[in-house]
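Sharing a structure below in structure tokens format, with a few things to ask.
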Amino acid sequence: SSPAKGLEDTAVIKDILIREPIGSNAESVNRVYNIYSSTNAKLNTLKKFAKEGDNEKSDLYLKQHPEIQYANTLSGAISTFSDMNKVVNIVRNSRDMSPEEKRSKIDEIGRLQVDIAERVLSALNEQK
């Protein structure tokens, strides 16, 4: 069975009640994914320069893109999100949980994702 639908999922009520975005629907989680994507692309460019042995170009590129230093932090957060999404899928497919239990667990995981995303974003802002 699917997770229980909340009042906000009812067609008439949907227009009135807007559910707080959690998990991968939350702005903070999406920002972490976007920053990760951008930073990872820059890290790959830096690695290319290093592989070519162009240390001067590598040093200049790193100075121009200091956010590359956060790549490991962002990669760790993305990996954690991936693991959490796998758990969400297990919960969704569970035959042992009621729809209400599923909704509760999925919401709990979503709130944890938001908490992690907000901590990562805060750490990135503090390190600038």
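Note down the relative contact order for the stretch 32-90 as a percent, whole number, built from C-alpha pairs under 8 angstrom at least six residues apart.
This gives 46 percent for the stretch 32-90.
Where does the stretch 32-102 land on the Kirkwood hydrodynamic radius, alpha-carbon pairs, in angstrom?
Kirkwood hydrodynamic radius for the stretch 32-102: 14.5 Å.
Report the extension gain between K57 and S38 in nm, rounded to one decimal, defined as 0.36 nm multiplied by the number of residues separating them, less their alpha carbon distance.
4.9 nm
Using just the C-alpha positions of the stretch 47-87 as equal point scatterers, what log10 of I(q)/I(0) does the Debye formula give at each q in 0.24, 0.26, 0.30, 0.35 1/Å?
-0.77, -0.83, -0.94, -1.04
Considering only DSSP states other than H, G, I, E and B, which GluC sites (Glu not before Pro) in the stretch 32-119 qualify as loop sites with at most 10 other Cβ atoms within 10 Å?
E52
Quick note: the coordinates plus some simple rules give every number you see, no bench work behind them. Keep in mind that this is a model prediction, so the values were computed, not measured. Cβ atoms come from the backbone with ideal geometry, glycine included; neighbour counts cover every protein chain shown.
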